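What follows draws every value from the coordinates through simple rules; no lab data is involved. Just so it is clear, the structure is predicted and the values come from calculations on it, not from any experiment. Methodologically, a virtual Cβ is constructed for each residue, glycine included, from the backbone with ideal geometry; neighbour enumeration extends over all protein chains shown.
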Amino acid sequence: MTWLAHLNARLTAIVLVLARLCLAGLGIIVAYGVVMRYAFNNEPPYVEQLALLLVISVSMFGAAAVAHDAGHIGLDSLVNRLPAVVRHWIARLVALSTLSFALVILYGAWEMSKSTYDNQIPTLGISEAWRYLPLIIAGGLIALFSIDRMLRRMPTPEQE
């Protein structure tokens with residue numbers, strides 16, 4: 001196992017723990033909001049914004065973990081019928097497309113966080129830039145995982 005593969009495995013474990021914690025927090029905050037709204041007719045104003053931030057975090061951290069394991073949705077029935085050389089190049093194209101997508105997410109989220117840094121989420125009292133932090137983290141991780149896949153994990157046509 002190369003140092004990059006080892007690093008990626010550790011990062012995936014960390015991001016999965018973060019996703020689980022965010023999911024648990026989401027369940028707690030939504031349950032709290034529902035009880036406060038319907039039982040006491042007094043929902044705190046921060047519940048909706050905090051839940052939104054947690055949903056973004058869960059989905060992006062989960063997407064990064066899935067990208068590491070290549071657990072994305074694939075249409076393999078046609079690809080598996082192709083010759084090994086063609087399958088090899090399709091796998092490379094998928095990894096390159098994933099890397100490109102991750103870099104677009106990373107760049108876009110970074111630019112949005114810079115442009116919204118001075119704005120504040122009123123009910124939470126924090127910068128709007130916090131909304132883009134999970135996207136920046138996930139975009140960077142997906143890019144790193146894609147590079148690892150292209151360098152190490154993809155078999156050559158002779159190995160298939």
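Please give the residues of the stretch 43-66, grouped as numeric ranges, whose backbone N is less than 19 Å from a label point set 7 Å along the Cα-to-Cβ vector of residue 119. Only 46-57 pass the distance filter. The modelled label-to-label distance between residue 97 and residue 79, using points 7 Å beyond Cα along the C-beta direction, is 0.8 nm.
Compute the acute angle (0 to 90°) between the alpha-carbon long axis of helix 3-38 and the principal axis of greatest extent of the alpha-carbon atoms of the chain; round to the nearest 10°. The two axes meet at around 30 degrees. Over the chain, Cα pairs under 8 Å with separation of 6+ residues give a relative contact order of 28 percent.
Within the set (1) 66, 34, 29; (2) 61, 35, 25; (3) 72, 39, 30, the number that Cα extents along the principal axes in Å takes when calculated for this structure is listed as (1).
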